[in-house]
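Take a look at the structure set out below.
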Amino acid sequence: MTRDEGTYKAQSQHAAKAETRHEGTYKAQAARAAGNTASEEKHGRQRTKMVAPPNDYLVPERDALLTPVLECRHLGIDFGGLKAVEDLNLMVGKTEIAGLIGPNGAGKTTVFNLLTKVYQPTRGTILLDGQDTAGMDTARVSREGIARTFQNIRLFDTLTVEDNVKIGLHNQVECGMWSGIFRAPRYWLSEQEFHKRALELLDVFNMADSAGDIAGSLPYGAQRRLEIVRALATNPKLLLLDEPAAGMNPVETEELMDNIVKIRDQFQIAVLLIEHDMDLVMGICEGIVVLNFGKVIAKGTPEEIQANPQVVEAYLGKQE
Ligand SMILES: Nc1ncnc2c1ncn2[C@@H]1O[C@H](COP(=O)(O)OP(=O)(O)OP(=O)(O)O)[C@@H](O)[C@H]1O
Ligand SMILES: [Mg+2]
């Protein structure tokens, strides 16, 4: 079995569980999310004004004059006869929090796999900060600024929390082989810098106290947070989160929402997230794209998406 097949099998199993877990929640969540959510009111978050640059995309007004961090044009991939993603046109503004939603099996994770070059597209173009990523591999797009977390947590669970973050940092800072072998001052300097930077990043989630703990021993919610910290350590321009709230309780989800906004504000990066929790999606996403059977069936603001009859029929209202 190849790594991708293994991943895919694990994801399918997870998806089957997720389906049961999400049943009946969409409608109630969507209703609660109409207008400003309770969470928005509590935290004083304001709705973003979205504008359309000279094409049919929608980005936050503050990003309208900047090169979008991500643009997909006519992106598609076939698995045998299955068009898992078809003609996807997508734009994410430089500091936007964007959502990718849709029923189980709609093609959402496949989009992330295309963006991170786990799969090469059958058709179409991906521009990262204006640069065509054709021909790049996973390591290159990571260096160019895309970081992701996975639907099923992937940490080095026998390593410490701090070492997991340092692995992300090593992606960014190269330390010459000879200075490493001879422990030259540059090596120590970067080790010290790494330690300091790892703690700073862990602090975003108030996790600096757990730096010495073994990653696999952390509670589930903390492991999901650590994955985000590790992704942040690669210094991304675009952070992809695949179901970050999966398995979290409502209090943890609420904290996660605040933290995603905080990360965007502090690091001035864009976030594209896949999520089934509609409170989270409607509460913090500025632009939303809805996929169904690999195709975009709607794009718009949270209000527009909730009022779109096709989305309600295909997704939001389907569990009645
Ligand atoms: N490597 C692969 N080989 C063959 N088919 C695949 C592969 N990866 C995904 N698919 C198929 O592509 C479609 C989209 O799958 P994907 O995992 O992207 O869905 P998803 O929207 O992320 O769903 P979920 O919400 O359940 O995570 C599904 O029909 C899936 O069976
Ligand atoms: Mg998925």
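The values are calculated or read from the model by the stated rules, or taken from the named source; none is laboratory data. Quick caveat: nothing in here was measured; it's all calculated off a predicted structure. Virtual Cβ from ideal backbone geometry, glycine too; neighbours counted across all protein chains shown.
Within segment 261-302, the set of residues being touching a residue at least 12 places away in the same chain (Cβ under 8 Å), closer than 22 Å to residue 51 by Cβ and either small (Gly, Ala, Ser) or part of a helix (DSSP H, G or I) (or both) comprises 261, 264, 270, 281, 282, 283, 284, 287, 298, 300, 302.
Scanning segment 101-110 for residues that are closer than 20 Å to residue 278 by Cα and either buried (at least 23 other Cβ atoms within 10 Å of the Cβ) or within 6 Å of ligand 1 (Cβ to nearest atom) (or both) yields 101, 102, 104, 105, 106, 107, 108, 109.
When only residues in segment 268-300 that are surrounded by fewer than 19 Cβ atoms within 10 Å (Cβ to Cβ) and in contact with a Lys or Arg (Cβ under 9 Å, 6 or more places away or on another chain) count, which is nearest to residue 241 (Cα to Cα)? Per the criteria, the residue is 268.
Residues checked against (1) of a type in the set (A, V, I, L, M); (2) touching a helix residue (DSSP H, G or I) at 6+ places or on another chain (Cβ under 7 Å):
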position	(1), (2)
190	no, no
209	no, no
216	no, no
228	yes, no
257	yes, yes
264	no, no
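In segment 226-244, of all residues being more than 16 Å from ligand 2 (Cβ to nearest atom) and of a type outside the set (A, V, I, L, M), the one that is nearest to residue 158 (Cα to Cα) corresponds to 230.
Could you tell me how many of the residues in segment 72-94 are crowded, with 21+ Cβ neighbours inside 10 Å and under 20 Å from residue 60 (Cβ atoms)? So the count comes out to 6.
Assess whether residue 92 counts as being more than 18 Å from residue 260 (Cβ to Cβ) and modelled with pLDDT of 95 or more. No; evaluated as a whole, the condition is false for this residue. I'd like the residue in segment 91-110 that is of a type outside the set (Gly, Ala, Ser) and not in a loop (DSSP other than H, G, I, E, B) and, out of all such residues, is nearest to ligand 2 (Cβ to nearest atom). So, considering only residues that are of a type outside the set (Gly, Ala, Ser) and not in a loop (DSSP other than H, G, I, E, B), the one nearest to ligand 2 (Cβ to nearest atom) is 109. Could you list all residues from segment 67-90 that are more than 17 Å from the chain's Cα centre (by Cα) and more than 16 Å from ligand 2 (Cβ to nearest atom)? Passing the criteria: 67, 73, 74, 75, 76, 78, 80, 81, 83, 86, 87, 89.
Can you confirm whether residue 274 is modelled with pLDDT of 95 or more, within 16 Å of ligand 2 (Cβ to nearest atom) and in contact with a helix residue (DSSP H, G or I) (Cβ under 6 Å, 6 or more places away or on another chain)? When the stated conditions are applied, residue 274 passes them. Residues in segment 201-235 that are more than 12 Å from residue 160 (Cα to Cα), touching a strand residue (DSSP E or B) at 6+ places or on another chain (Cβ under 6 Å) and not polar (S, T, N, Q): 231 only. Among the residues of segment 228-241, the ones that are within 16 Å of ligand 1 (Cβ to nearest atom) and either assigned to a loop (DSSP other than H, G, I, E, B) or out of contact with any Ser or Thr (no Cβ under 6 Å at 6 or more places or on another chain) (or both) come to 1 in all. Checking the structure you have, find out if any residue of segment 111-133 is surrounded by 20 or more Cβ atoms within 10 Å (Cβ to Cβ), assigned to a loop (DSSP other than H, G, I, E, B), out of contact with any helix residue (DSSP H, G or I) (no Cβ under 7 Å at 6 or more places or on another chain) and not charged (D, E, K, R). There is no residue in segment 111-133 that is surrounded by 20 or more Cβ atoms within 10 Å (Cβ to Cβ), assigned to a loop (DSSP other than H, G, I, E, B), out of contact with any helix residue (DSSP H, G or I) (no Cβ under 7 Å at 6 or more places or on another chain) and not charged (D, E, K, R). Checking each residue in segment 140-164 for being under 17 Å from the mean Cα position of the chain (by Cα), part of a helix (DSSP H, G or I) and of a type outside the set (D, E, K, R) picks out 141, 142.
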